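Okay, structure first, notes after.
The values are calculated or read from the model by the stated rules, or taken from the named source; none is laboratory data. In this text the structure is predicted, and so the values were computed from the model without any measurement. Backbone-built Cβ (ideal geometry, glycine too); neighbour counts: all protein chains shown. Note: accessible area is taken over every heavy atom of the protein model, side chains too, but ligands, DNA and RNA are not part of it. Shrake-Rupley method; radii C 1.70, N 1.55, O 1.52, S 1.80 Å.
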Amino acid sequence: MTYIQLSYGDLVLPALLVVMDGVFSLVLRLKLEKQLAVATVRMVVQLVLVGYVLTFLFTAVSPLWTALAALIMVLFASREIVARQRRRLQGVWKYGLGAGCTLLAAGTVTMFALLTELRPDPWYHPRYALPLLGMMLGNTMTGISLGLDVLTNSLMRERAGVEACLALGGTRHQALLPVIRDALRSGFMPIMNSMAAIGLVSLPGMMTGQILAGVEPVDAVKYQLLIMFLIAGGTGLGTLAAVLAGARLLTDSRHRLRLDRLTAEKST
């Protein structure tokens, strides 16, 4: 069984569904039609460009080009993490924390999958490495951004209680532990919800794509389970690293709370 190949002309009718959403916005005066149009154009341009870039990378099969593409993906993921924060760390850690933890988690898990389970030849083949890294980055980015956002906002809200604990002789670990736990729960929650609902409520995109491409459903399930296990591990590792590192950056060696290292709250 072969997959059903689509032309760009086959996408015209489905695109009318987006136009329908724009009509709803106009009729109901939601004022979302401009944002919807911009988002749609960006999506089309970005995906078409990515398609051509991946075609080049799959042909070249170069470790340098693959590494460069992976680095660009990590940098964009770091930018998205910062953009989702209402309060951000100052200085180099503004981008450095998100980029470092994302690279650590997604990179480690992707390398683990390539070297132990998939074992492509060569191991860095972009056909396998980049899509896998992209899935890891997308989910790890969500966990890290949620964890850091809850951490910083909770510290601002619970500042009096944290400083009281520190004043009474508590260590920074003891004072921040409840906030750290809340931040970790928030970061872990999306992947846990996804794992609980997968299969019964929704068929994930990768599995659906494989089935449409002609892969046997049971084989598609095996790949999807592998991906979900990897995503869960990457999200957990990245969120844990980011929250613990963020908590350490927002205190000092004298066990003082250092909220002066945060920027003002971003207006919504």
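Inspect segment 4-12 for any residue being touching a Ser or Thr at 6+ places or on another chain (Cβ under 7 Å) and not assigned by TED's automatic domain parsing to the domain that holds THR142 and give the result as yes or no. Among the residues of segment 4-12, not one is touching a Ser or Thr at 6+ places or on another chain (Cβ under 7 Å) and not assigned by TED's automatic domain parsing to the domain that holds THR142, which makes the answer no. Taking the listed residues LEU176, LEU203, LEU118, LEU166, the one that is closer than 27 Å to ARG79 by Cα and aliphatic (A, V, I, L, M) is LEU176, with no other qualifying. For segment 111-122, a tally of residues being without any contact (Cβ under 8 Å) to a residue 40 or more places away in the chain and closer than 19 Å to GLY138 by Cβ returns 3.
Pairs meeting the criteria (first residue in segment 255-268 and at pLDDT 85 or above, second residue β-branched (Val, Ile, Thr), beta carbons under 8 Å, at least 6 apart or on different chains) are HIS255/THR171; LEU257/VAL162; LEU257/THR251; ARG258/THR251; LEU262/THR152.
Pairing each residue of segment 15-43 that is at positive phi with any residue that is surrounded by 13 or more Cβ atoms within 10 Å (Cβ to Cβ) and of a type outside the set (Phe, Trp, Tyr), provided the two are 6+ apart or on different chains, yields C-beta distances under 9 Å for LYS31/SER25.
Hey, could you check segment 158-183 for residues that are small (Gly, Ala, Ser) and within 26 Å of GLY236 (Cα to Cα) and say which is modelled with the highest pLDDT?
Filtering segment 158-183 down to residues small (Gly, Ala, Ser) leaves 160-161, 164, 167, 169-170, 175, 183.
After this cut, where a residue has to be within 26 Å of GLY236 (Cα to Cα) as well, the list is 175, 183.
On the way: ALA175: 92, ALA183: 95.
Checking each candidate, the answer is ALA183.
Taking segment 104-117 on its own, how many of its residues are under 24 Å from THR251 (Cα atoms) and open to solvent by less than 20 Å² (accessible area, probe 1.4 Å)? Spell out how you get there, then give the answer.
Going through segment 104-117, the residues under 24 Å from THR251 (Cα atoms) turn out to be 104-105.
Now restrict to residues that are open to solvent by less than 20 Å² (accessible area, probe 1.4 Å): 105.
Within segment 104-117, residues that are under 24 Å from THR251 (Cα atoms) and open to solvent by less than 20 Å² (accessible area, probe 1.4 Å) number 1.
In this structure, is LEU237 modelled with pLDDT under 95 and either among the aliphatic types (A, V, I, L, M) or outside the structural domain of ILE191 (by TED's automatic domain parsing) (or both)? Taking the combined requirement at face value, the residue does not satisfy it. Screening THR66 against (1) outside the structural domain of MET141 (by TED's automatic domain parsing); (2) in contact (Cβ under 8 Å) with a residue 12 or more places away in the chain; (3) polar (S, T, N, Q) leaves a single unmet condition, (1).
Take segment 45-103 and flag every residue that is part of a helix (DSSP H, G or I), closer than 16 Å to SER145 by Cβ and open to solvent by 50 Å² or more (accessible area, probe 1.4 Å). Walk me through how you get there before you give the answer.
Residues of segment 45-103 that are part of a helix (DSSP H, G or I), as a first pass: 45-60, 63-83, 93-103.
Imposing the further condition that a residue be closer than 16 Å to SER145 by Cβ reduces the set to 73-83, 93-103.
Selection gives MET73, LEU75, PHE76, ARG79, GLU80, TRP93, LYS94, TYR95, LEU103.
Residue count for segment 124-172, restricted to those that are over 27 Å from the mean Cα position of the chain (by Cα), in a helix (DSSP H, G or I) and farther than 29 Å from ALA83 by Cβ: 7.
Yes/no matrix, rows are residues, columns are (1) out of contact with any strand residue (DSSP E or B) (no Cβ under 6 Å at 6 or more places or on another chain); (2) outside any loop (DSSP other than H, G, I, E, B); (3) free of Cβ contacts under 8 Å to residues at least 24 places away in the same chain:
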| residue | (1), (2), (3) |
| --- | --- |
| GLY214 | yes, no, no |
| LEU225 | yes, yes, yes |
| MET228 | yes, yes, no |
| ILE231 | yes, yes, no |
| ALA245 | yes, yes, no |
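Take VAL12 and decide whether it is open to solvent by 80 Å² or more (accessible area, probe 1.4 Å), of a type in the set (A, V, I, L, M, F, W, C) and at pLDDT 95 or above.
Values: open to solvent by 80 Å² or more (accessible area, probe 1.4 Å): yes; of a type in the set (A, V, I, L, M, F, W, C): yes; at pLDDT 95 or above: no.
No.
With respect to the conditions (1) aliphatic (A, V, I, L, M); (2) open to solvent by 30 Å² or more (accessible area, probe 1.4 Å); (3) farther than 30 Å from PHE58 by Cα, LEU176 falls short on a single one, namely (2). Checking the stated criteria, SER186 turns out to be modelled with pLDDT of 90 or more, in contact with a helix residue (DSSP H, G or I) (Cβ under 9 Å, 6 or more places away or on another chain) and closer than 14 Å to ALA242 by Cβ. Scanning segment 24-44 for residues that are assigned to a helix (DSSP H, G or I) and either surrounded by 11 or more Cβ atoms within 10 Å (Cβ to Cβ) or in the same structural domain as ILE72 (by TED's automatic domain parsing) (or both) yields PHE24, SER25, LEU26, GLU33, GLN35, LEU36, ALA37, ALA39, THR40, MET43, VAL44.
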